[in-house]
Structures are given as structure tokens and as C-alpha cells.
Amino acid sequence: MAKMMGPRFKQCRRLGLNVCGHPKAMDRAAKGTSRADKKLSPYGIQLLEKQRLRAYYGVLEKQFVNYVKKANKSEESTGTALIQLLECRLDNLVYRLGFASSIRQARQMVVHGHILVNGKRVDRPSYGVSIGEVISLREKSQSNTMFKESFQINAFSQYPYLSKDLDSYSGVLIKRPERQEVPIEINDILVVEYYSKRL
């Protein structure tokens, strides 16, 4: 199974944006370390924004293109539909619910079978969660101190499209996320423009 690897902080500095969510990711960022510090053509600006969005969710190019194609067929605007598809990935929602401290850790939890969807084990990070589905920590994994502490520390980090139950170590996707509710600094219009001439 392919996945994005490499130094996270270095990637953040290169993209000029804290895409991994770590508070110290941009500590060593200096003028000239980011691509955004250079004079970019319209194509270069679109490419940078696309790479930032991919990095936020840890998705490789081939899979990302499939998300764009699917978003193109949606009744929503392509940019909004693309963000919704990415945001509703299982690994991302495990991260948003607070089970993990990063997307990479959330992905690992899913692959290792710690996460259940509607009571059944799902080990595919790209699984698209539907409205009403319950994401929970496997009973055996609830005794893991790291998972418990992470979920409790993030108890008050709420998103309007998610409902959390601290007692049962679970959460539910209650609605499709609105674009303004998703906490990422991305101009999705530029991403759509990048692919408009390539698909």
C-alpha cells in the first residue's frame, strides 16, 4: 500500500504551510525556504496549492486524481466536493475525532485494525465514511494508554459535522462538512483550475 513518506517538517517548510498540524513544524522556516517565497507563474501557484492539499491528507497523485474526477461529477461545486471527499476519509476522521495526534498516526491505527466502523473492523484508510456511520475504537484497543489519552485530551476539539461520545470512545459523521467548517488553509479553486486542463 503506497503512502506519502519523508520528513514532515521539511515538507511543511517547502510548501510554506503547516500541513502536518505539529506546533513546531514551522519553527525553522525562514525566508526563501518555501516555494511560495519565489516568483511563481500562474501554473506554479496552482501546482503549489494542489501539493499543499495532497499533503494535508497524505494522498498520492494517482488517488488524488480519482478524487478530482469523482468531485467533477458531483452536484456541488468541484472544489467543495473534493474537500468533502477528502475530509470524509476514514483516516482523516479518526484524526479529527482525536484518536490520533496526526494523519499518519490515524492511518496506522486504521491499518493495524484498531478502528471499527458500525462495529466492523475496517483497515482501509481511504474508506469513505457515510453520514450516520459510527467510528469507534476497538474494545481491546481502549486499554491502550496512548489512544485513551489522545481521545480525552482532544475531548473539546469539536467539529460541526462530527458528534463524539467520550464514554464509548466513538464518534459519528452527522452531516457533510461545509467548506468553511474544514480547518485547512487552501484555495480549492486553484486546485480545480490546475486539473481543468489535464483531465
Residues of the stretch 81-101 satisfying the condition of being at pLDDT 90 or above and open to solvent by 30 Å² or more (accessible area, probe 1.4 Å) = LEU85, TYR95
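Here is a yes/no grid of residues against (1) open to solvent by 30 Å² or more (accessible area, probe 1.4 Å); (2) at pLDDT below 90:
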| position | (1), (2) |
| --- | --- |
| GLY113 | no, no |
| GLY119 | yes, no |
| PRO125 | no, no |
| SER150 | no, yes |
| SER163 | yes, no |
Can you tell me which residues in the stretch 165-199 are touching a Leu at 6+ places or on another chain (Cβ under 9 Å), surrounded by fewer than 18 Cβ atoms within 10 Å (Cβ to Cβ) and among the aliphatic types (A, V, I, L, M)?
-> ILE174, ILE184
Flag for ASP165 being of a type in the set (Asp, Glu) and over 18 Å from the mean Cα position of the chain (by Cα) | yes
Top-ranked residue of the stretch 152-161 - restricted to ones that are among the aromatic types (Phe, Trp, Tyr) and surrounded by 12 or more Cβ atoms within 10 Å (Cβ to Cβ), ranked as modelled with the highest pLDDT = TYR161
Of the residues in the stretch 74-118 that are of a type in the set (D, E, K, R) and in a loop (DSSP other than H, G, I, E, B), the one that is farthest from ARG8 (Cα to Cα) is GLU75
Does the stretch 102-111 hold any residues that are aliphatic (A, V, I, L, M) and open to solvent by less than 20 Å² (accessible area, probe 1.4 Å), and which are they?
-> ALA106, MET109, VAL110
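The values are calculated or read from the model by the stated rules, or taken from the named source; none is laboratory data. This one's a predicted model, so the numbers in the text were calculated from it and none came from an experiment. Please note: Cβ atoms are built from the backbone with ideal geometry, for glycine as well, and neighbour counts cover all protein chains shown. Accessible surface areas use protein heavy atoms only, side chains included; no ligands, DNA or RNA. Shrake-Rupley method; radii C 1.70, N 1.55, O 1.52, S 1.80 Å.
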